[in-house]
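Input: a single structure, listed below in structure tokens.
The values are calculated or read from the model by the stated rules, or taken from the named source; none is laboratory data. Everything numeric here is computed off the predicted structure, so don't read it as measured data. Positions of Cβ are backbone-derived with ideal geometry, glycine not excepted, and every protein chain shown enters the neighbour counts. Note: areas computed on protein heavy atoms with side chains; ligands, DNA, RNA excluded. Shrake-Rupley method; radii C 1.70, N 1.55, O 1.52, S 1.80 Å.
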Amino acid sequence: MDINDQHKKELERKILEQIIDGLEDNKLTSDELPTIAGFVLSGLENVMTHEQVMKFLTDLSSKWPIFQNLALLEKGEVQEAHEDKIEEQVLNLAKSGNVEEAISLAKTVTKS
């Protein structure tokens, strides 16, 4: 699934908030900021899909563990979007009379 510029801006905001918290809690140093900023700016510039965002956040959090919660939040958002899409498909199948197919698809959501 593709992401848009608004999603990238939101990620930048969340990363910036984590940086501020990290500096205040002494989990990051000001010496690390140029490296982190370069990594974030170049990394986010190239992401176009949720899968790429997840890879970027995984790489970011492996270098700086303070960002691990962002990766978890994004993973949850991706899972929720996927489930919403399936739920809509289930309702459309049920509406068109494909009840067995709707039930089968609904079971895939409840098993996740």
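The table below gives the values:
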item: Calculated on alpha-carbon atoms, Rg and Dmax of the chain in Å; result: 18.5, 62
item: Selected from ALA102, LEU70, ALA37, residue furthest toward positive end of dipole (the stretch 29-112; charges at beta carbon); result: ALA102
item: Carbon and sulfur %, accessible surface of the chain computed with the full protein complex present, 1.4 Å; result: 54 percent
item: Under 24 Å between alpha carbons - lysine pairs in the chain that sit 8 or more apart or on different chains; result: 28
item: Simple Cβ-charge dipole of the chain, Lys/Arg +1 and Asp/Glu -1, about Cα centre, in debye nearest 20; result: 240 debye
